[in-house]
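This is the structure I want to talk about, given as structure tokens.
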4 protein chains.
Amino acid sequence: MLGDYIEEVILHLKKLKNINWNSVKQLVDEIAFSNSKIFTYGVGRSGYVAQAFTMRLMHLGFNAYFVGEPNCPSIGDGDILVVISGSGRTYSVVNMVKKVRKEGVNVKIVSIGYEGEIGKMSDIHIDVNIGEFNREYFPMGTLFEELAFILLDGIIYLLKRKLNISEENMKRRHCNLL
Amino acid sequence: MLGDYIEEVILHLKKLKNINWNSVKQLVDEIAFSNSKIFTYGVGRSGYVAQAFTMRLMHLGFNAYFVGEPNCPSIGDGDILVVISGSGRTYSVVNMVKKVRKEGVNVKIVSIGYEGEIGKMSDIHIDVNIGEFNREYFPMGTLFEELAFILLDGIIYLLKRKLNISEENMKRRHCNLL
Amino acid sequence: MLGDYIEEVILHLKKLKNINWNSVKQLVDEIAFSNSKIFTYGVGRSGYVAQAFTMRLMHLGFNAYFVGEPNCPSIGDGDILVVISGSGRTYSVVNMVKKVRKEGVNVKIVSIGYEGEIGKMSDIHIDVNIGEFNREYFPMGTLFEELAFILLDGIIYLLKRKLNISEENMKRRHCNLL
Amino acid sequence: MLGDYIEEVILHLKKLKNINWNSVKQLVDEIAFSNSKIFTYGVGRSGYVAQAFTMRLMHLGFNAYFVGEPNCPSIGDGDILVVISGSGRTYSVVNMVKKVRKEGVNVKIVSIGYEGEIGKMSDIHIDVNIGEFNREYFPMGTLFEELAFILLDGIIYLLKRKLNISEENMKRRHCNLL
């Protein structure tokens, strides 16, 4: 039965290849060619996906912060905020994006998930195009979170390649205390 | 290029179907047929995977705790500890497993990752069988973490099915505050 | 100079004794005489204070959750939400309290901090009465956070005493894995 | 009764003034006059105290990391590790300090708590000198955690003063997203 589950994941991963390549490329370029800070946020399992992405950005040498970490600073002009929300309307993510917009700082907001309210307020929106799926296999946001995890690892791969960063280099930055 | 990346993930997901079904079934049975507490642990990205799993266990109605959470209690006789470590020898995971073994409580230890030192001390070990892979695509533990994320979601699916828990039920337990 | 700092803390601790005893007693009674779940929340350093409080509630045997933990469930009728905000108007705390109020569940909301917008929406409000203080010693919310930390430990003491729970009992619940 | 509790805290705060001033001054100087990264760690409530300290170090402009945060990098020559352990022998703190010592990097280790095993391996040890206390008021590590919280805020005050950093400056760095 686990085999059926994996087949179902593969089915949806294949569809992920039809993702809007342009929006992915924009995000990669935003991150690669800036000296700005990169903030990430998400609630629940989307938050864990965001934290996993943040750690890899740090490994690549970026100043990345998951919102809520002890050392997360203020966001300001030129910074990037990447928010992950499968539904596109997670309450505290909506509120955070509204706050950034209201404060008038020049932040590039990137959203990943169903377009919803959050996507409409974002500068770059990456829709993972889930479409129809079998809810027995993937209750709640499960399928989205799996695809987002893999997509963001793919974006790390694109950044690593574009900036020609070796795995050795990444390892040297890896926290060696735990 | 993201398409190539996804193809590579699919390649390894297919191999995941050859996983030792028996050890997966043991873990599902341990969790399903016990009233014990389930503790999870992992460092770095494996830790985020563990937290995502913990949240789904809570949605299914289990008493699950990621070690280090404010409300994580003591572990005792009959409890389950699920540790995630790609290398099978993450320093603080090794130390935690040793501590449990030394204290002589009757804890079922389940490890997920390369067998290594941790697997040897575990009651149930689930090896995700990564084998050879292209390190350009998957630096550090990336491939393992992706497969572990999907495997654990698959285990949630098996538990949900075995215990006949509806998605509605899971949603009712979902934290509605953020 | 650290001596001067400590003297200044003592000065404000003495004022803390004039706290509205009635509201503190209400919170103690709410927690002591209910079988409900207790949720805590706060942002930044107030959040760490809330987590420290949550851990002690667990040691006393309560079902306590810091909002955002992997195992934090949904809040429902009869539950208690304790929010900590020095200013009384922390953005995401305001939003959380509004959400609870809008959803119409019968949650007892307890706020700790300056009254502000949050206090006005709460069922029980505990003002730590900071008044004037030397901002050189206590930048930002420092003084509030120190007083809140000690006040909440005092509330733990009152609960422990009221319910006649021994330190041994608390220790037995303490997470023994790290 | 809360009044009695506060009186008891004040009693011990007064004793805190007899702390070894020299070791506190060493820590302040280490942090103030270096360009190094500052890592903090602690388990349970000591960990929340460490996170509250880390946030203030960031507000002062330092590169500070609580070990386990998504963006926590590797520790290296010239860096500082501040560990908090009331007992001086918290398992994972002992292991972390041993790991740093074994790897031979030139890290300045600062411990706060009872001397114990951890203090013996540290370069600077700050003992909060708790001595005798009433365990009814302060179960487990409660008193230590309160004193450590205030001591570390005092150290922030000393740093802020020494480096002449304004509160305005600190506020500008404060995370404005939650």
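Roughly how many Å² of D:W21 are accessible to a 1.4 Å probe, to the nearest 10?
100
Given label points at 7 Å from Cα along Cα→Cβ, what nm distances, shortest first, separate A:M1 from the same residue in every other copy?
4.2, 5.1, 6.6
Mind listing the long-range amide H neighbours of A:G68? Cut-off is under 5 Å, sequence gap 5 or more, other chains count too, H placed in the peptide plane at 1.01 Å from N.
Counting only residues 5 or more places away or on other chains, the set is empty.
Excluding residues on the same chain fewer than 8 positions from A:K108, give the aspartates and glutamates whose Cα lies under 14 Å from its Cα.
Result set, ordered by chain and number: A:D29, A:E30, A:D77, A:D79, A:D123.
Taking all protein chains as present, what is the carbon and sulfur share of the accessible area of the protein assembly as shown, in % to the nearest whole number, probe 1.4 Å?
Ligands and nucleic acids excluded, carbon and sulfur give 44 percent.
So for the protein assembly as shown: antiparallel DSSP bridges make up what percent, rounded to the nearest 5?
5
Between rounded, prolate and oblate, where does chain A land on the alpha carbon gyration tensor, with a ≥ b ≥ c its root eigenvalues, rounded for a/c under 1.5, else prolate if a/b exceeds b/c?
The shape class here is oblate.
Within chain C, which whole H helices from DSSP have a Cα span along their axis of at least 27 Å and a mean Kyte-Doolittle hydropathy of 0.0 or more, if any?
What comes out of the filter, once short or polar helices are dropped, is C:142-162.
Within 12 Å, Cβ to Cβ, of B:P73, how many net charges do the neighbouring residues add up to if Lys/Arg are +1 and Asp/Glu are -1?
Computed value for this residue: +2.
Contact order normalised by length for region B:2-172, with contacts defined as Cα pairs under 8 Å and 6 or more residues apart; what percent is it?
25
Taking the Cα centroid of region B:38-69 and of region B:124-140, what is the distance between the two, rounded to the nearest whole Å?
Rounded to whole Å, the Cα centres lie 22 Å apart.
Could you derive backbone 3J(HN,Hα) for region B:71-83 from the dihedral phi with the Karplus parameters 6.51, -1.76 and 1.60 (θ = phi - 60°), listing whole Hz in sequence and x where the residue is Gly or Pro?
Calculated HN-Hα couplings, in order: 9, 6, x, 6, 8, x, 3, x, 7, 10, 10, 9, 10 Hz.
I would also like to ask the following. Given R₀ = 51 Å, FRET efficiency for B:E132-C:A32 by Cβ-Cβ distance, to 0.05?
Working from the Cβ atoms, E equals 0.30.
Between chains D and C, what is the buried accessible area summed over both chains (1.4 Å probe, protein heavy atoms, nearest 100 Å²)?
That pair hides around 5000 Å² of surface in total.
Here's a follow-up. Quick one: which residues, 5 or more positions from A:I126 or on another chain, have an amide H under 5 Å from its amide H? H modelled 1.01 Å from N in the peptide plane, none for Pro or chain starts.
A:S111, A:I112, A:G113
In a Debye calculation with equal point scatterers on the alpha-carbon sites of the protein assembly as shown and no solvent, what is log10 I(q)/I(0) at q = 0.07, 0.11 Å⁻¹?
For the requested q values the scattering log ratios are -0.45, -1.20.
Let me have the 222 nm mean residue ellipticity of the protein assembly as shown computed from DSSP H runs of 4+ only, each contributing -39500 (n - 2.57), with the sum over all residues rounded to the nearest 500.
It lands at -16000 deg cm²/dmol.
Considering only the label points, 7 Å along Cα→Cβ from Cα, what distances in nm to one decimal separate B:L163 from the same position in each other copy, shortest first?
2.5, 4.2, 4.9
Let me ask something additional. By its C-alpha gyration tensor, with a ≥ b ≥ c as the square roots of the eigenvalues, how is region A:1-58 shaped: rounded for a/c under 1.5, else prolate for a/b larger than b/c, else oblate?
Verdict is oblate for region A:1-58.
Which net charge results for the neighbourhood of B:E167, defined as the other residues with beta-carbon distances under 14 angstrom from its beta-carbon, given Lys and Arg at +1 and Asp and Glu at -1?
Counting the neighbours of B:E167, the net charge comes to +4.
Could you list, in their original order, any pairs among B:K15/B:K120; A:K120/C:K99; A:K98/D:K37; A:K160/B:K17 whose Cα atoms are separated by more than 32 Å?
A:K98/D:K37
Please report the net charge: other residues with Cβ closer than 11 Å to the Cβ of C:E117, K and R +1, D and E -1.
Result for the local shell: +2.
Moving on. Would you jot down the residues in region C:1-28 that end up with at least 50 Å² less accessible area in the complete protein assembly than in the chain alone, with a 1.4 Å probe?
Buried-area filter returns C:M1, C:L2, C:Y5, C:I6, C:I10, C:L13, C:K17.
In Å², and per residue, what accessible area does chain C have when probed at 1.4 Å with the other protein chains present?
36
Once amide H atoms are built 1.01 Å from N in the peptide plane, which residues 5 or more positions from D:L81, or in another chain, come under 5 Å H to H?
Placed amide hydrogens put D:F39, D:K108, D:I109, D:V110 under 5 Å from D:L81.
Taking the rotation that carries C onto B, look along its axis and tell me which residue of C has the beta carbon nearest to it, distance in whole angstrom.
That would be C:E69, 2, residue then distance in Å.
Label position 7 Å from Cα toward Cβ: report the copy-to-copy distances for D:K25 in nm, one decimal, ordered from shortest.
5.0, 6.3, 7.1
The values are calculated or read from the model by the stated rules, or taken from the named source; none is laboratory data. The structure presented is a predicted model; accordingly, all values stated were derived computationally and were not measured. Using ideal geometry, Cβ is built from the backbone for each residue, glycine included, and neighbour counts are taken over all protein chains shown. Areas reflect the complete protein model, heavy atoms only, side chains present, ligands, DNA and RNA absent. Shrake-Rupley method; radii C 1.70, N 1.55, O 1.52, S 1.80 Å.
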